[in-house]
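Down below is the structure, laid out as structure tokens.
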Amino acid sequence: MFSMRFKAIQRVLGALIGMSSVIALPPMAIAWVLDEHTLGAFIDSAMVSAVLGGFLWFPVRNVDYDLRLRDGFFIVSATWWVVSLVTALPFVFGAPHLSYTDAVFEAASGLTTTGATMIVG
């Protein structure tokens, strides 16, 4: 009666994580054109998010997409957490070489447009 549709939620979260790899394409292209050393960080993070998103989405790709309000609340909350964790990867792999905690803070502040930063110098 009060159960959530976890397979449908997994499908949506997998697709959203996979889309974060597509979001990495423009900065990847700019880094390639300008011959910057951060290109590898964008490639690595895009590959990780594509594989993780595919790993979550592929097994449940044919699951019914009918979601309840409860599922929607969970998806929104989980999306903010998971996308913040995934979009932190370029900060870990790339030039600032932040700790993962600082990288998640940077990613979350960038996604929420709060403007706070841990990068100094």
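Based on what the data block shows, is VAL12 buried (at least 20 other Cβ atoms within 10 Å of the Cβ), of a type in the set (A, V, I, L, M, F, W, C) and in contact (Cβ under 8 Å) with a residue 40 or more places away in the chain?
yes
In summary, SER21 fulfils each of the numbered conditions (1) touching a residue at least 40 places away in the same chain (Cβ under 8 Å); (2) crowded, with 18+ Cβ neighbours inside 10 Å; (3) of a type in the set (Ser, Thr, Tyr) with the single exception of condition (1). Within region 84-103, being of a type in the set (A, V, I, L, M, F, W, C) and outside any helix (DSSP H, G or I) holds for ALA88, ALA95, LEU98.
Just need a number here: residues in region 34-52 that are touching a residue at least 40 places away in the same chain (Cβ under 8 Å), small (Gly, Ala, Ser) and buried (at least 18 other Cβ atoms within 10 Å of the Cβ).
Of all residues in region 34-52, those touching a residue at least 40 places away in the same chain (Cβ under 8 Å) come to 37-38, 40-42, 44-45, 48-49.
Remaining after also requiring small (Gly, Ala, Ser): 40-41, 45, 49.
Those still in the list that are buried (at least 18 other Cβ atoms within 10 Å of the Cβ) too: 41, 45, 49.
The total comes to 3.
In region 91-116, the qualifying residues are those that are surrounded by 12 or more Cβ atoms within 10 Å (Cβ to Cβ) and of a type in the set (Val, Ile, Thr), and the one that is farthest from ASP44 (Cα to Cα) is VAL104.
Can you list the helices (runs of 4 or more DSSP H) found entirely within region 1-83 that contain at least 2 residues being among the hydroxyl-bearing types (Ser, Thr, Tyr) and at pLDDT 90 or above?
Working: elements: 6-23, 25-33, 39-57.
In region 1-83, 39-57 are the helices (runs of 4 or more DSSP H) which contain 2 or more residues that are among the hydroxyl-bearing types (Ser, Thr, Tyr) and at pLDDT 90 or above.
The values are calculated or read from the model by the stated rules, or taken from the named source; none is laboratory data. This one's a predicted model, so the numbers in the text were calculated from it and none came from an experiment. Here Cβ is always computed from backbone atoms with ideal geometry, including for glycine, and neighbour counts include all displayed protein chains.
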